[in-house]
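These notes are about the structure you will find just below.
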Amino acid sequence: MATVNRRIAASIEGDFVVFLIGARINRLSKLPKYLWFANTMPKMIKELEGRPESGFLGSERLGFTTLVQYWRSMDQLIAYARDRDRTHYPYWVRFNKEIRSNGDIGIWHETYVVRAGEYECIYNNMPLMGLAKVSRHVDAVGRNTTAQGRLGSTDGSDAPVGVDGEEPAP
């Protein structure tokens, strides 16, 4: 993956949703029985990537068992999860029939609704990833040089600070 060798920030219009989801294999000896489970998320992501109208903006894998997803709205995330004609629903039913709370595989998710302008991010010498991969990326210049500036601070606390308290080079 090519890196963007300058400081950039992500820019996205309106509210959006960050959905973290993961799994944990608690009993490795049971893994062969549940190999179907390992294939569920890639199938869902492929389906979502082919349906921009779903509200799915993209995803980023964090390690082997955790995924960050970005959605346009909470309503669209829930609509996908409950849509009986989409990939997620039958796997959700199967998980609850075969695994449920038997302890073999743990699943978790966290959902965050991010209001317009109430986020901050910076990337430097990185490939496009995270929010910058699923939205517009902009050069981190002007007000975008500090976390406070990216969050829209107007109290003067957003003066750039470099190494040893010196102002960073432009």
Query raised in the report: Ser73: modelled with pLDDT of 95 or more and in contact with a Leu (Cβ under 7 Å, 6 or more places away or on another chain), yes or no?
Result: no
Query raised in the report: Say we look at the range 16-32 and pick out the residues that are within 18 Å of Lys133 (Cβ to Cβ) and of a type outside the set (A, V, I, L, M); which of these is surrounded by the fewest Cβ atoms within 10 Å (Cβ to Cβ)?
Result: Phe19
Report summary line: Exception for Ser73 within (1) in contact with a helix residue (DSSP H, G or I) (Cβ under 6 Å, 6 or more places away or on another chain); (2) more than 22 Å from Ile25 (Cα to Cα) falls at (1)
Report summary line: Note on Leu35: of the conditions (1) exposed (fewer than 11 other Cβ atoms within 10 Å of the Cβ); (2) at pLDDT 95 or above, unmet is (2)
Query raised in the report: Any residue in the range 127-143 that is over 19 Å from the mean Cα position of the chain (by Cα) and surrounded by 14 or more Cβ atoms within 10 Å (Cβ to Cβ)?
Result: yes
Query raised in the report: Based on what the data block shows, is Thr87 polar (S, T, N, Q), within 21 Å of the chain's Cα centre (by Cα), modelled with pLDDT of 95 or more and closer than 29 Å to Val138 by Cα?
Result: no
**Report entry** Selection count, the range 53-79, where residues are over 16 Å from the mean Cα position of the chain (by Cα) and of a type outside the set (A, V, I, L, M)
**Finding:** 2
Query raised in the report: Residues in the range 20-51 that are more than 25 Å from Asp85 (Cβ to Cβ) and more than 18 Å from the chain's Cα centre (by Cα): how many?
Result: 10
Query raised in the report: Is there any pair linking a residue in the range 1-15 that is in contact (Cβ under 8 Å) with a residue 40 or more places away in the chain and exposed (fewer than 15 other Cβ atoms within 10 Å of the Cβ) to one that is in a strand (DSSP E or B) and not hydrophobic (A, V, I, L, M, F, W, C), with Cβ under 6 Å and at least six apart or on different chains, and which?
Result: Thr3/Asn125; Asn5/Asn125
Report task. Kindly indicate the residue of the range 4-19 that is charged (D, E, K, R) and assigned to a strand (DSSP E or B) and also nearest to the chain's Cα centre (by Cα) among those meeting that condition. Result -> Arg7
Query raised in the report: For the range 25-109, which fully contained helices (runs of 4 or more DSSP H) count at least 2 residues that are in contact with a strand residue (DSSP E or B) (Cβ under 6 Å, 6 or more places away or on another chain), touching a residue at least 40 places away in the same chain (Cβ under 8 Å) and not β-branched (Val, Ile, Thr)?
Result: 74-82
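The values are calculated or read from the model by the stated rules, or taken from the named source; none is laboratory data. Computed from a prediction, not measured in an experiment: that's the story for all the values here. Please note: Cβ atoms are built from the backbone with ideal geometry, for glycine as well, and neighbour counts cover all protein chains shown.
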